[in-house]
Amino acid sequence: CASRPLEFNCCIDLSGNNAELPSLPFHVVTKPSQLPVEFLEPSAAKKLVIGFDCEGVDLCRHGALCIMQIAFPDAVYLVDAIEGGKELVEACKPALESNHVTKVIHDCKRDSEALYFQFGIKLHNVMDTQIAYSLIEEQEGKKRAYDVYISFVSLLADPRYCGMPYPEKEEVRTLLRQDPNFWKNRPLSEMMIRAATDDVRFLLNIHEKMMEKLSKVSSWRLAVRSELYCRCFCINDNQQADWPPLPTVPDDIEAEARVPEVDILSLLDVPPGKMGRVIGRKGSSIMAVKESCNVEIHIGGAKGPPDRVFIIGPVKEVRKAEAILRGRMLEF
């Protein structure tokens, strides 16, 4: 059994009056040996489902990864990348790339980008709760809002999944505005521990409730789109040929079920000075393309890459979106 940092085995009551979600002990991890052996050595014999998140300073390919949070049913592990360094993060690589460990994350794009470019980790086998929420809404016949991706705070507040307020999130945002290097500070303060723990400790409960709602077709679409989110900002010169293949249509989907066209990820390079035409005033051009083509469009923005547009959706819709956006670039 892996050794545990018992001096950090403290329990903060983060659950308020919600009896269904008791507080969990947390462990601050600075050495690989402090992580559970079943995580460090993933195997088909003991498949895991974990909550996962990253905190950092300008978290992306260039920013600093400071903490990785890993939630198990019985405890939360705060993997301190500042104190533990590259060796500690890379010890987590087998699990983060494993088919045998399901990583439950809310919006994994920037986390994946940081792991890939800074540590060579290709985040894989992810269940992204932001995508799952949209698929469930679509499955239930609700009109899709192309300009809205549910925030983690809003997801937590939804009584169907958690019904928990999260005021600490705004407190942390305020602290980040005051001190952009907030997550680099050591020793970890109680607020840092509280916020980092809260970002993952509800994810397993949300995962269970979402998986109960998802149809087999929606579950497959979730697996594919989660993989595309993982590699969204990680496109490289070999077009990600070194990444795992996308999930195929499961055999147990009934023959009569309507299986939608598989999603793809497309990269569009934008010439200098043309990004404004692509985005449009207050995002109007992007919004119009999303609605007319039934695709997701992501812009690198301030964190970059600044000259690329990432399009996710069914093949035919993505090709249509590419043509429209290229046309916008040519307009005078």
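Quick one: how many Å² of Val37 are accessible to a 1.4 Å probe, rounded to 10?
Result for Val37: roughly 60 Å² accessible.
Note down the relative contact order for segment 26-244 as a percent, whole number, built from C-alpha pairs under 8 angstrom at least six residues apart.
Relative contact order comes out at 25 percent.
To the nearest 20 debye, what charge dipole does the chain have about its Cα centre, counting +1 at the Cβ of each Lys and Arg and -1 at the Cβ of each Asp and Glu?
Working: 41 positive and 48 negative charges, 215 e Å.
It comes to approximately 1040 debye.
State the answer as a single residue: which of Cys66, Ala91, Phe202 lies farthest towards the positive end of the charge dipole of the chain, with beta carbon charges of +1 for Lys and Arg and -1 for Asp and Glu, about the Cα centre.
So the residue we want is Cys66.
Along the charge dipole of segment 261-331, which of Ile312, Asn294, Gly327 sits closest to the positive end, that is, farthest toward it, with unit charges on the beta carbon of Lys, Arg, Asp and Glu (+1, +1, -1, -1)?
Selected residue: Gly327.
Could you check which residue among Ala195, Ala95, Ala288 shows the biggest mean-square fluctuation in a GNM of the chain with a 10 Å Cα cutoff?
Result: Ala288 has the largest fluctuation of those listed.
Write out the GluC sites (Glu not before Pro) in segment 190-274 meeting two conditions: DSSP loop, and at most 14 other Cβ atoms within 10 Å of their Cβ.
Values: sites: Glu190, Glu208, Glu212, Glu227, Glu254, Glu256, Glu261; in loops: Glu254, Glu256, Glu261.
In loop regions of segment 190-274 (DSSP not H, G, I, E or B), the sparsely surrounded GluC sites (Glu not before Pro) are Glu254, Glu256, Glu261.
State in Å² the accessible area per residue of segment 70-170; use a 1.4 Å probe, count heavy atoms of protein chains only, and round to the nearest integer.
38 Å²
My understanding is that a pair violates if its Cα-Cα distance is over 25 Å; which of Lys46/Lys209; Lys103/Lys282; Lys143/Lys216; Lys46/Lys122; Lys143/Lys290 do that in this structure?
Long pairs (Cα-Cα over 25 Å): Lys103/Lys282.
For the chain, state the semi-axes of the equivalent ellipsoid (square roots of 5 times the eigenvalues of the alpha-carbon gyration tensor), sorted largest first and rounded to whole angstrom. Mind dumping the intermediate values first?
Working: eigenvalues 216, 108, 82 Å².
Working through the eigenvalues yields semi-axes of 33, 23, 20 Å.
Suppose we look only past 17 Å in the calculated P(r) of segment 106-150. What percent of the Cα-Cα pairs does that tail hold?
Numbers: 445 of 990 pairs.
Value for segment 106-150 (Cα pairs over 17 Å): 45 percent.
Report the FRET efficiency, 1/(1 + (r/R0)^6), for Ser151 and Val259, where r is their Cβ-Cβ distance and R0 is 22 Å, rounded to 0.05.
Efficiency at R0 = 22 Å is approximately 0.10.
Can you tell me how much longer the chain between Lys31 and Arg319 gets when fully stretched, taken as 0.36 nm per residue apart minus their C-alpha distance, in nm with one decimal?
Full extension from Lys31 to Arg319 adds 99.0 nm.
Rg over Rh of segment 108-225, using C-alpha atoms and the Kirkwood radius, what does it come to? Mind showing how you got there, number by number?
On the way: Rg = 16.2 Å, Rh = 16.2 Å.
Rg/Rh for segment 108-225 comes to 1.00.
Counting DSSP beta bridges in the chain, what percent are antiparallel, to the nearest 5?
Around 70 percent antiparallel, to the nearest 5.
Going by Cα centres, segment 195-251 and segment 146-191 are how many Å apart?
After rounding, the separation between the Cα centres reads 22 Å.
Suppose only helical runs count, i.e. DSSP H with n ≥ 4. What mean residue ellipticity at 222 nm does that imply for the chain under -39500 (n - 2.57) per run, divided by all residues and rounded to the nearest 500 deg cm²/dmol?
-11500 deg cm²/dmol
Rounded to two decimals, what ratio of Rg to Rh does segment 261-331 give with C-alpha atoms and a Kirkwood Rh?
Rg/Rh: 0.94.
Give me the number: length gained by fully extending Asn181 to Leu40, i.e. 0.36 nm times residue separation minus the C-alpha to C-alpha distance, one decimal in nm.
Extra length from Asn181 to Leu40 when fully extended: 47.8 nm.
When the accessible area of the chain is split by element with a 1.4 Å probe, what percent falls to carbon and sulfur?
Whole-percent figure for carbon plus sulfur exposure: 52.
Give me the one-decimal nm value for the distance between modelled label points at His62 and Asp252, 7 Å along each residue's Cα-to-Cβ direction.
A separation of 4.6 nm, rounded to one decimal place.
The values are calculated or read from the model by the stated rules, or taken from the named source; none is laboratory data. Since the model is a prediction, treat every value here as computed from it, not as a measurement. All Cβ positions, even for glycine, are placed from backbone atoms using ideal geometry, and neighbour counts span all protein chains on display. Calculation scope for accessible area: heavy atoms of the full protein, side chains included, ligands and nucleic acids excluded. Shrake-Rupley method; radii C 1.70, N 1.55, O 1.52, S 1.80 Å.
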